[in-house]
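Participant: I'd like to ask you about the structure that follows.
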Amino acid sequence: MSRIVEVYTGEYAAGKSENALNRALEIARCGRKVTLVDLDIVEPAYTLRPIQDELRRMGVGVIAWRTEDTAGLGEAGTTLHPAARWALRREGDVILDLGYGTEGIRTLNLVVGANTNPRLKVYNVVNTCRPLTAGVRDVVEQVRAMGRSDGLINNTHLGPETTVSVVQDGARKVAAAAKILGLRVTATAVAKSIDGTIGRSDCMGNPVRELRLMMHKAFW
Amino acid sequence: MLQKPIREEKRAFMTGNEVVAWAAMAAGADIMYGYPITPQNEIMHYWTRLAPKYQKKFLQTEDELSAGFTTIGGVMAGRKAFTATAGPGNILMQEPMSMAEMMRLPAVVVVQQRGGPSTATVIYSQQEVTLTATGGNGEGMRVVYSTAGHQDLFDYTIKAFNTAWKYRFPTFVLGDGYQAKMRESLTVYDPAARGVELAEPEPLVGREGVPGKDRPPSQYRNTFNLEEELYEKVIGDAREYEKIAPEIAEYQSYGIEDAHLAVVAHGVVFRAVREAVEKLTAQGLKVGYFRPVTLRPLPVTQIRDLAARVQKMLVVESAYGQLARLLKEAASGTPAEIVTYLKPGIGVTAGEVETKIRELV
């Protein structure tokens, strides 16, 4: 299998980091070398920073700031990590976790080779339980505003209250939006902990990716 | 006709700041005035994203003094106006809100507390209790709702507008950076569908008719020449505030009927206290909790009843005794011993509260 280079982007709190880190873990479990890059310089509150060592122990290479390296910078401490700029020159697969919205995707311009890498895919993570992406038209507008997208990921959930029907409802809306956009639904992401099971594909026939939730530990 | 921002009641997954923006939309707010400061920025971001869709307005001012005074200006012009701030911005906000107190103007201010003093930290703290509840150079005649999660942020932001316009005292929704950034689900709804009647703002100045002849004059003063005149004004407002305080005061309690120890907490810290107390009562410990939802006015009668019943009250807060100070005043003269667990600017876990309770009972 050829080199995997994937970018996770989307709305605020859509589940970008959770999906990015789970994808990196999935790749690592296949015995492949993978680097997960924290490129979130938009929102300092939720980043991979506090769980980076745990991820490394699980076999994923991580490029992220350590809080002590940015101490004293306060709110201005969210600058690009120098290693992140050169992440695509690394050996093995690379998963990039961007900050939210259009500002977040612009960060990609700072990564050397991102705009010319032929393998790079940008996946837009969507949770239709979030009011700004609740309807098919909202999702279409949001994805178009982001500029580049190579696929959508249905990450519809209600936290611990998520049920199979919540996820399937999202799957239908995301599939409808993808059709209008001419994009593929790359996956439906489902937390292991949800009530009930969905199986290997959602009601629209898209593959299901199981998420092991870790981001609740990442709030500093 | 424009569609309502929220047409059907449903569960939604959001961050706290987004919840506030949606709640202000649902409450029929017309305009937000604001100046950026973490951790409230996304209230502005989401308000400005929603505003064009629902023909609402936004003005970014040059600082929080202006944000507060323009909010007052909007209110006087008959708009349902609000602002949001935090930390040092909340300090500046006290001057315009003192004017609102003096002129008896409704205004809604959402405060997402950050660490202090001064610029300090951006996410976790309960150190703006004293400032929000009693700030300004007056007598602290305002209403402060302290929220403990997203449903509260939605419900109390809507309620804050009604309280402000009904009683004509500035009304604060006191959250914090943690709630602002936290993600959890809540039920969003159209208040009208739940039978909540929303206050209708009206212009306070520039009204039809001749003042003193067709209608009472609109007199909004913040300057008084004579001490006696000021005294009369302040005493009049104080009497009115004391009269309406029991109507406004809200609290939440559990297990206090036969408890030896009551744990008192507000806001996000209350969530840790609730978890610890529910766990320990299930194990048979005589412990309960008391959460003041309004920090101003406090539910004084209920606090005094509680203090007369239990042996000890444990105050837990992410500040160095700001809630404890308010509680001591309310419980003054009652026999209960007040002990504290104070973690200024950092979080409190249910485990820590549990350990502290076990030490005390």
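The values are calculated or read from the model by the stated rules, or taken from the named source; none is laboratory data. As the structure is a computational prediction, the values presented were derived from the model and not from experiment. All Cβ positions, even for glycine, are placed from backbone atoms using ideal geometry, and neighbour counts span all protein chains on display. Quick note on the areas: whole protein, heavy atoms, side chains included, nothing else; ligands and nucleic acids left out. Shrake-Rupley method; radii C 1.70, N 1.55, O 1.52, S 1.80 Å.
Participant: Per residue, what accessible area does segment B:251-360 have, given a 1.4 Å probe and all protein chains present, in Å²?
Facilitator: On the way: 4540 Å² over 110 residues.
Roughly 41 Å² per residue, with all protein chains present.
Participant: Still on this model: Using only the Cα atoms of chain B, what do you get for the radius of gyration and for Dmax, in Å?
Facilitator: Computed over the Cα atoms of chain B, radius of gyration and Dmax are 20.6, 70 Å.
Participant: Give the interface area between chains B and A as buried accessible surface, both sides summed, probe 1.4 Å, in Å² to the nearest 100.
Facilitator: Details: alone 15890 and 10630 Å², together 24460 Å².
Chain pair B/A: roughly 2100 Å² of buried accessible area.
Participant: Give me the accessible area per residue for segment B:9-142, probe 1.4 Å, as a whole number in Å².
Facilitator: 30
Participant: Rounded to the nearest 5, what % of the DSSP beta bridges within chain B are antiparallel ones? All intermediate terms of the calculation are to be shown ahead of the outcome.
Facilitator: Values: 12 of 47 bridges.
Looking only at bridges with both residues in chain B, the antiparallel portion is about 25 percent.
Participant: Could you bin all the Cα-Cα distances of the protein assembly as shown into 20 Å bins starting at 0 and give me the percent of pairs in each, rounded to whole numbers?
Facilitator: That works out to 20, 49, 27, 4, 0, in percent per bin.
Participant: Also: Is any residue of segment B:324-343 close enough, with backbone N under 14 Å, to a label point placed 7 angstrom from the Cα of residue B:130 along the Cα-Cβ axis, and if so, which?
Facilitator: In segment B:324-343, the label zone of residue B:130 (backbone N under 14 Å from the point 7 Å along Cα→Cβ) covers B:324-329.
Participant: What is the magnitude of the charge dipole of the protein assembly as shown about its Cα centre, with +1 placed on the Cβ of each Lys and Arg, -1 on the Cβ of each Asp and Glu, and no other charges, expressed in debye to the nearest 20? Can you show the working numbers first?
Facilitator: Details: 69 positive and 66 negative charges, 425 e Å.
Dipole about the Cα centre, nearest 20: 2040 debye.
Participant: Express the carbon and sulfur contribution to the solvent-accessible surface of segment B:251-360 as a percent, rounded to the nearest whole number, probe 1.4 angstrom.
Facilitator: Details: 2100 of 4540 Å².
C and S atoms contribute 46 percent here.
Participant: In addition: Report the equivalent ellipsoid semi-axes for segment B:251-360 in whole Å, largest first, defined as the square roots of five times the eigenvalues of the gyration tensor built from alpha carbon atoms.
Facilitator: Gyration-tensor ellipsoid for segment B:251-360: 18, 17, 12 Å.
Participant: List the relative contact order of segment A:94-168 as a percent without decimals, with contacts defined as Cα pairs under 8 Å and 6+ residues apart.
Facilitator: On the way: 69 pairs, mean separation 21.1, N = 75.
RCO, segment A:94-168: 28 percent.
Participant: Here's a follow-up. Suppose the chain between residue B:325 and residue B:342 were pulled fully straight at 0.36 nm per residue; how much longer would it get relative to their current alpha carbon spacing?
Facilitator: Working: separation 17, 0.36 × 17 = 6.12 nm, distance 1.20 nm.
Taking 0.36 nm per residue and subtracting the Cα distance, the gain is 4.9 nm.
Participant: While we're on this one: Which one, B:189, B:125, B:72, projects farthest toward the positive side of the charge dipole computed for chain B from Cβ point charges (K/R +1, D/E -1)?
Facilitator: The Cα lying farthest towards the positive end belongs to B:189.
Participant: Hey, another quick one. FRET efficiency for residue B:7 and residue A:164, Cβ-Cβ distance as r, R0 = 25 Å, nearest 0.05? Please list the in-between numbers first.
Facilitator: Values: r = 25 Å, r/R0 = 1.02.
So, using R0 = 25 Å, E works out to roughly 0.50.
Participant: Kindly tabulate the residues in segment B:169-185 with an accessible-area decrease of at least 20 Å² between the chain alone and the assembly of all protein chains, using a probe of 1.4 Å.
Facilitator: B:178, B:181, B:183, B:185
Participant: So, one more: Can you give the convex hull volume of the alpha carbon atoms of segment A:35-188 per residue, in Å³? Walk me through the numbers before you get to the answer.
Facilitator: On the way: hull volume 20.5 nm³, N = 154.
Expressed per residue, the convex hull around the Cα atoms of segment A:35-188 is 133 Å³.
Participant: Check each residue of segment A:143-166 and keep those whose accessible area, probe 1.4 Å, is at least 50 Å² smaller with all protein chains in place than in the chain alone; give them in order of residue number.
Facilitator: A:158, A:161
Participant: May I ask you to give the percent of accessible area on segment B:116-200 that is carbon plus sulfur, with a probe radius of 1.4 Å? Could you put the intermediate results ahead of the total?
Facilitator: Working: 1330 of 2730 Å².
Looking at segment B:116-200 in its full context, I get 49 percent from C and S.
Participant: With an 8 Å cut-off on Cα pairs and a minimum separation of 6 or more residues, tell me the relative contact order of segment B:10-194 in percent.
Facilitator: Once divided by the residue count of segment B:10-194, the mean separation gives 29 percent.
Participant: Whole-Hz Karplus ³J(HN,Hα) for segment B:276-285, in order, using 6.51 cos²θ - 1.76 cosθ + 1.60 and θ = phi - 60°, x for Gly and Pro?
Facilitator: 5, 5, 5, 5, 6, 5, 5, 8, x, 6
Participant: Would you mind computing, in nm to one decimal, how far apart the modelled labels at residue A:66 and residue B:49 are, each placed 7 Å from Cα along Cα→Cβ?
Facilitator: Calculated label separation equals 3.5 nm.
Participant: Out of all DSSP beta bridges in segment B:10-194, what portion is antiparallel? Express it as a percent rounded to 5.
Facilitator: On the way: 6 of 26 bridges.
Here the antiparallel bridges make up roughly 25 percent for segment B:10-194.
Participant: If you don't mind, there's one more thing I want to ask. Residues in segment A:132-170, backbone N under 13 Å from the label point at residue A:203 (7 Å along the Cα-to-beta-carbon vector): list them, ranges by number please.
Facilitator: A:163-170
Participant: With N set to the residue count of segment B:10-194, report its C-alpha Rg divided by 2.2 N^0.38 Å to two decimal places.
Facilitator: 0.91
Participant: Which positions within segment A:22-71 get 40 Å² or more of their accessible surface covered by the other protein chains, compared to the chain by itself, with a 1.4 angstrom probe?
Facilitator: By number: A:46.
Participant: Give me the dipole magnitude in Debye, nearest 20, for segment B:251-360 about the Cα centre, with unit charges on the beta carbon: positive for Lys and Arg, negative for Asp and Glu. Don't skip to the answer; put the middle values down first.
Facilitator: Values: 14 positive and 11 negative charges, 36 e Å.
I would put it at about 180 debye.
Participant: Give me the one-decimal nm value for the distance between modelled label points at residue A:106 and residue A:216, 7 Å along each residue's Cα-to-Cβ direction.
Facilitator: If labels sit at residue A:106 and residue A:216, their model points lie 3.5 nm apart.
Participant: Something else: At a threshold of 8 angstrom on Cα-Cα distance, excluding pairs fewer than six apart, so keeping six or more, what relative contact order does segment B:251-360 reach in percent?
Facilitator: Working: 197 pairs, mean separation 35.3, N = 110.
Result for segment B:251-360 is 32 percent.
Participant: Suppose we keep just the DSSP beta bridges with both residues in the protein assembly as shown; what percent of those would be antiparallel, to 5? Let's see the in-between values first.
Facilitator: On the way: 14 of 82 bridges.
Expressed as a percentage, antiparallel bridges in the protein assembly as shown total about 15.
Participant: Beyond 27 Å between alpha-carbons counts as too far, so tell me which of B:80/B:343; A:16/B:56; A:173/B:159; B:56/B:159; B:243/B:328; B:243/B:356 fall in that bin. Don't jump to the answer; show the numbers that get you there.
Facilitator: On the way: B:80/B:343 37 Å; A:16/B:56 30 Å; A:173/B:159 33 Å; B:56/B:159 19 Å; B:243/B:328 21 Å; B:243/B:356 38 Å.
Pairs exceeding the cut-off: B:80/B:343; A:16/B:56; A:173/B:159; B:243/B:356.
Participant: So, one more: 7 Å from Cα along Cα→Cβ at both residue B:260 and residue A:193: what's the point-to-point distance in nm?
Facilitator: With each label point 7 Å from Cα toward Cβ, the separation is 3.5 nm.
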